[in-house]
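Presented below is the structure to which this report refers.
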Amino acid sequence: NAGVTQTPKFRVLKTGQSMTLLCAQDMNHEYMYWYRQDPGMGLRLIHYSVGEGTTAKGEVPDGYNVSRLKKQNFLLGLESAAPSQTSVYFCASSVPPEQFFGPGTRLTVL
Amino acid sequence: GNSVTQMEGPVTLSEEAFLTINCTYTATGYPSLFWYVQYPGEGLQLLLKATKADDKGSNKGFEATYRKETTSFHLEKGSVQVSDSAVYFCALRKNTGFQKLVFGTGTRLLVSP
């Protein structure tokens, strides 16, 4: 089992560009999450999904969209990137009570 | 609302020293408590957990006891190793409703030989 995988690992964008981060899990988990990690702020929840075809907003959803068309995949989209979105993004999936995290995507917006 | 407060780092120790990383929480009801560890360049991994008051979680020589009276879940290890150098996150999750984790800001541990 690969667990939770994320692509890409690194990305540099210019302000206003768009991109999609892909998260995949092979553990048949219902719940999936997207977090961002910023220095001194821990992890903050962006969006989450409780099952295929469902999504919901977390603490910091503005500027992001998500889709869960297949149970194993959870996509995070940035329609118009801003420098404030420079961060490390982590995807996670869970079966209660533990969450399993991917290795992260480091995104820089210039 | 629910929140987790951790001691600021970095915590710098020599190998074989005793480790304590403080964590206190604010929550309604009786949450489950977790410690996650993040090694350099990797995602978070669950280190240990406790689901009710007075429970002790333990793993890899680390321990933490769920103290309801002091709303604390301090992480301890009797003898740290260089390989324990990482960032440690305390987190809580309510046991009702959606299972959202609330994280502390993380504490970096640096262990020197």
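Over the range A:40-80, consider all pairs of different Cα atoms and compute the Kirkwood hydrodynamic radius from their mean reciprocal separation; express it in Å, one decimal.
Result for the range A:40-80, one decimal place: 10.8 Å.
To the nearest 20 debye, what charge dipole does chain A have about its Cα centre, counting +1 at the Cβ of each Lys and Arg and -1 at the Cβ of each Asp and Glu?
300
Determine the equivalent ellipsoid of the range B:49-107 by diagonalising the alpha-carbon gyration tensor, then write out the semi-axes as square roots of 5 times the eigenvalues, largest first, rounded to whole Å.
22, 15, 10
A:Val60 accessible area, nearest 10 Å², 1.4 Å probe?
40
For a label point 7 angstrom out from the Cα of B:Val82 toward its Cβ, which stretches of the range B:3-47 have the backbone nitrogen within less than 13 Å?
B:14-16
Within 10 Å of each candidate Cβ there may be at most 13 other Cβ atoms; applying that plus a DSSP loop requirement, which trypsin sites (Lys or Arg not before Pro) in the range B:9-113 survive?
Counting only loop positions with at most 13 other Cβ atoms within 10 Å, the trypsin sites (Lys or Arg not before Pro) in the range B:9-113 are B:Lys52, B:Lys60, B:Lys68.
About its Cα centre, what dipole magnitude does the protein assembly as shown give when the only charges are +1 on Lys and Arg Cβ and -1 on Asp and Glu Cβ, stated in debye to the nearest 20?
Roughly 500 debye for the protein assembly as shown.
Determine ³J(HN,Hα), in whole Hz, for all residues of the range B:39-56 in sequence, where each value follows from phi through the Karplus function 6.51 cos²θ - 1.76 cosθ + 1.60 and θ = phi - 60°; x replaces Gly and Pro.
Couplings: 7, x, x, 10, x, 7, 10, 5, 9, 6, 8, 9, 10, 8, 4, 6, 5, 10 Hz.
With 5 Å bins from zero, work out the P(r) of the protein assembly as shown over every alpha carbon pair and list the percent per bin.
1, 7, 15, 18, 18, 16, 12, 7, 4, 1, 0
Work out the P(r) tail for the range B:1-49: percent of alpha carbon pairs separated by more than 16 Å, whole number.
Distances greater than 16 Å cover 58 percent of the Cα pairs.
On average over all directions, what projected area in square nanometres does chain A have, based on the convex hull of its Cα atoms?
That works out to 6.3 nm².
Calculate the radius of gyration of the Cα atoms of chain B to one decimal place, then report Dmax, the largest Cα-Cα distance, as a whole number, both in Å.
13.6, 45
Treating only the Cβ atoms of Lys and Arg (+1) and Asp and Glu (-1) as charged, compute the dipole magnitude of chain B about its Cα centre; round to the nearest 20 debye.
Roughly 500 debye, rounded to the nearest 20.
Loop-only check: which GluC sites (Glu not before Pro) in the range B:39-113 are DSSP coil with at most 12 other Cβ within 10 angstrom?
B:Glu69
What range in chain B is the longest one free of chymotrypsin sites (Phe, Trp or Tyr not before Pro) that are in a loop by DSSP and have at most 11 other Cβ atoms within 10 angstrom?
It runs B:19-97.
Above 19 Å lies some portion of the pair distances; for the range A:1-64, what is it as a whole percent of all C-alpha pairs?
43
Between B:Asp55 and B:Thr96, how high is the FRET efficiency from 1/(1 + (r/R0)^6) when r is the Cβ-Cβ distance and R₀ = 22 Å? Nearest 0.05.
0.80
Can you find, among B:Ala50, A:Val88, B:Ile21, the residue sitting farthest towards the positive end of the charge dipole of the protein assembly as shown, where Lys and Arg contribute +1 and Asp and Glu -1 at Cβ?
So the residue furthest toward the plus end is A:Val88.
Which of the listed residues, B:Leu109, B:Asn95, B:Ser79, is farthest toward the dipole's positive end in chain B, when Lys, Arg count +1 and Asp, Glu count -1 at the beta-carbon?
B:Asn95
Please return the longest range in chain A lying between exposed loop sites, taking trypsin sites (Lys or Arg not before Pro), DSSP loop only, at most 15 other beta-carbon atoms within 10 Å, and leaving the sites out.
Maximal segment without exposed cleavage sites: A:15-69.
The values are calculated or read from the model by the stated rules, or taken from the named source; none is laboratory data. Not measured: the values here are computed from a predicted model. Don't worry about glycine lacking a Cβ; one is built from the backbone with ideal geometry, like all the others, and counts go over all protein chains shown. In case anyone asks, the SASA skips ligands and DNA or RNA and just uses the protein heavy atoms, side chains included. Shrake-Rupley method; radii C 1.70, N 1.55, O 1.52, S 1.80 Å.
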